[in-house]
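The values are calculated or read from the model by the stated rules, or taken from the named source; none is laboratory data. Small disclaimer: the values here were computed from a predicted structure and weren't measured. Positions of Cβ are backbone-derived with ideal geometry, glycine not excepted, and every protein chain shown enters the neighbour counts.
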Amino acid sequence: MCGIVGYIGSEQVTPILLDGLARLEYRGYDSAGVSVHTEQGLTVIKSIGRLQSLRDVLSNGQAVSGTSGIGHTRWATHGQPSDENSHPHISQQGRIAVVHNGIIENYRQLKEALQHMGVKFTSETDTEVVAQLIEHYYEGDLLDAVYSAMDRIEGSYALGIMCADEPDRIIAARKDNPLIMAQSDIGSFLASDVTAILKYTRDVLYLDDGEVAVLTRDGISVFNAYRERIYKDPFRIEWEISAAEKGGYEHFMFKEMMEQPEVFRKTIAPRLQNGHVNMSELKLPPDYLKNVGKIYVIACGSAYHAGVVAKYNIEKLVRIPVEAVLASEFRYSSPIVGEGDLVLVISQSGETLDTLAAMREAGRLGARTLAIVNVVGSTIAKEADDVLYTWAGPEIAVATTKAYTAQLAVIYLLTLHLAELAGTIDAKEFAEIVAELDQIPDKIQKILDQKEQLQYFASLYFNNSSIFFIGRNLDYAVCMEGSLKLKEISYIHSEAYAAGELKHGTISLIEDGTLVVALASYEKLFDKLMNNVEEVKARGASVLCMAQEGHREKIEKMSDSAFAIPDCHACLAPSLEVIPLQLFSYYVALIRGCDIDKPRNLAKSVTVE
Ligand code: BG6
């Protein structure tokens, strides 16, 4: 996905665009560019690479003056990172400039048709087609031309559009990709997310699918797909802009890891009162939840891994079948889902297009959808039948940490709620888990306080070229997240493996010095896991083993490196076990000199299919 921003008002626009893009850079950082309305018309400046190189070209915003403009930071989908493929894209006559987040699916056909009419293209992107098409339809009214183009383009888009002949307005249009706008005393803004404009106002407007907005210096008017003027209620953002800043930490990822005790506490506090789980925020009727036939969990990336934890815990405590499915697979697998089924949709951003599309498919097939989302007002949160928010605050680092931890917190509470409704958990175990939930934040803090030990392990193993994570049951679910974290930020090839499956093939890859990270916090299967540790040790592997405090001595004896997490209920262990894995990955990436907050080829949430 990309980040787009726009402003029209009384202030110099270029510094505002650069600042907005800096706050959106976690959405994509292959190239950046701006288009500003100057005396000469539309001035477009763009540059491959990080925003800093654009900042240099623009002498920090002093190079181009004007009071209206649009900007873009790119995550390349069509056409490799280059100056030509950077946004904004400008039309052949130089009349229309466009910034875009999303994918124009029928861009090849449209491009051919326009080329037949003699239009010359300068980039390989899908987006340039939009600029050329709007110019093709332009007859003196930009809004008309935008609507005509929208009738022709298919796919997903959040667009910022300027016209050289209309210096007093900017147009925004949206389908499937997030776009917010805001009015302030210095003018009007558009942006992919609130972080880019929170500095100027807390009241934002969310553009919905098929809607178009006209931004002028005096205000914003919104039109629906039939070009009727509509009124939108502003939405007040509660969190501070400082929450989206590093606050003196070297990396957002480190800051966000350190926030996890507080985030867990904040996410459970409103829902845990005097030993009771309070899910009164749920709109789905208890009867429906009580009689659910089957649960699907759909998500992508780390959110999917939280979904695998949900599968194990709900099946164990609620005794109904749960299937955790990758959203991109669910959508096109003609899933057997319908009336009476519940589809849990997990997403930090609430904008990941694979997850959104899978949720829509589940809804189309008759299932009820319950979203677990971090971004308030996001598309998934708005479109789901019901939503439970994780209160993790803004998460900027591309590799998620605190949002995953908050997702687990909501999953535990929802599992207890469903078990209570189904009557499948006895009062003693229920009280035990509830009591332990309250202790999780302190136990996470205890692990964070031992971060130097993980830093030491990282210094031992940062040079390994291939690493295996092995575990059983919930430990296996955490292995998936640990392995992804390492891959995301250190670029070391690693695999999460069900420990019992290793001997059926993959153990052939274990040789002298191969690092195996063995997770053994799932009490019932501790001994079985220790057998697997013996198996890989016998093939020369180095083993970093993690288990609950009660087994510290044993794992220290049996493995090359050992880390003990505080004792806790098996169902809650993933929240503790993931912390040392996050820290280990962070320190390995740090030693390897990787760009931790903006790993190569990744984006915070992907709003393209
Ligand atoms: C990826 C992010 O793009 O999307 C991952 O890099 C994330 O960290 C995944 O887990 C899913 O994103 P979301 O916002 O739907 O949870």
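Do we find a residue being under 27 Å from LEU572 (Cβ atoms) and either assigned to a helix (DSSP H, G or I) or away from the ligand (no atom under 14 Å from the Cβ) (or both) anywhere in the stretch 333-340? Looking through the stretch 333-340, none of the residues is under 27 Å from LEU572 (Cβ atoms) and either assigned to a helix (DSSP H, G or I) or away from the ligand (no atom under 14 Å from the Cβ) (or both).
Rundown of residues vs (1) within 13 Å of the ligand (Cβ to nearest atom); (2) under 17 Å from the mean Cα position of the chain (by Cα), yes/no style:
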{"site": "ASP354", "(1), (2)": "yes, yes"}
{"site": "GLY363", "(1), (2)": "no, no"}
{"site": "VAL373", "(1), (2)": "yes, yes"}
{"site": "VAL376", "(1), (2)": "no, yes"}
{"site": "TRP391", "(1), (2)": "no, yes"}
{"site": "ALA403", "(1), (2)": "yes, yes"}
{"site": "LEU414", "(1), (2)": "no, no"}
{"site": "ALA419", "(1), (2)": "no, no"}
{"site": "ILE425", "(1), (2)": "no, no"}
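From the residues in the stretch 378-389 that are crowded, with 21+ Cβ neighbours inside 10 Å and among the hydroxyl-bearing types (Ser, Thr, Tyr), which one is farthest from the ligand (Cβ to nearest atom)? Among residues in the stretch 378-389 that are crowded, with 21+ Cβ neighbours inside 10 Å and among the hydroxyl-bearing types (Ser, Thr, Tyr), the one farthest from the ligand (Cβ to nearest atom) is THR379.
Restricting attention to the stretch 25-68, which residues are under 27 Å from the mean Cα position of the chain (by Cα) and not in a helix (DSSP H, G or I)?
GLY28, TYR29, ASP30, SER31, ALA32, GLY33, VAL34, LYS46, SER47, ILE48, GLY49, ARG50
Note on the stretch 151-193: residues that are more than 19 Å from THR216 (Cβ to Cβ) and buried (at least 19 other Cβ atoms within 10 Å of the Cβ) total 10.
Taking residues in the stretch 421-442 that are in the same structural domain as PRO286 (by TED's automatic domain parsing), and partners anywhere that are acidic (Asp, Glu), the pairs with Cβ atoms closer than 9 Å and at least 6 places apart or on different chains are LEU421/ASP287; PHE430/GLU420; PRO441/GLU262. Checking each residue in the stretch 579-593 for being under 11 Å from LEU486 (Cβ atoms) and in a loop (DSSP other than H, G, I, E, B) picks out only ARG592.
Just to be sure before I move on: is VAL99 in the same structural domain as ASN85 (by TED's automatic domain parsing), under 19 Å from ASP209 (Cα atoms), in contact (Cβ under 8 Å) with a residue 24 or more places away in the chain and surrounded by 20 or more Cβ atoms within 10 Å (Cβ to Cβ) in the structure I sent? Please lay out each step first, then the result.
Values: in the same structural domain as ASN85 (by TED's automatic domain parsing): yes; under 19 Å from ASP209 (Cα atoms): yes; in contact (Cβ under 8 Å) with a residue 24 or more places away in the chain: yes; surrounded by 20 or more Cβ atoms within 10 Å (Cβ to Cβ): yes.
Taking the combined requirement at face value, the residue satisfies it.
Of the strands (runs of 3 or more DSSP E) entirely within the stretch 115-204, those holding at least 3 residues that are small (Gly, Ala, Ser) occupy 155-163, 187-191.
Among the listed residues LEU581, LEU544, LEU572, LEU529, identify the single one that is within 16 Å of the ligand (Cβ to nearest atom), closer than 20 Å to LEU474 by Cβ and not aromatic (Phe, Trp, Tyr).
Working: LEU544 fails: within 16 Å of the ligand (Cβ to nearest atom); LEU572 fails: within 16 Å of the ligand (Cβ to nearest atom); LEU529 fails: within 16 Å of the ligand (Cβ to nearest atom).
Answer to the selection: LEU581.
Of all residues in the stretch 577-595, those satisfying the criterion of being surrounded by fewer than 23 Cβ atoms within 10 Å (Cβ to Cβ) and aliphatic (A, V, I, L, M) are LEU590, ILE591.
Going by what's in this entry, would ALA299 be described as within 16 Å of the ligand (Cβ to nearest atom), without any contact (Cβ under 8 Å) to a residue 60 or more places away in the chain and touching a Ser or Thr at 6+ places or on another chain (Cβ under 8 Å)? Yes, satisfied.
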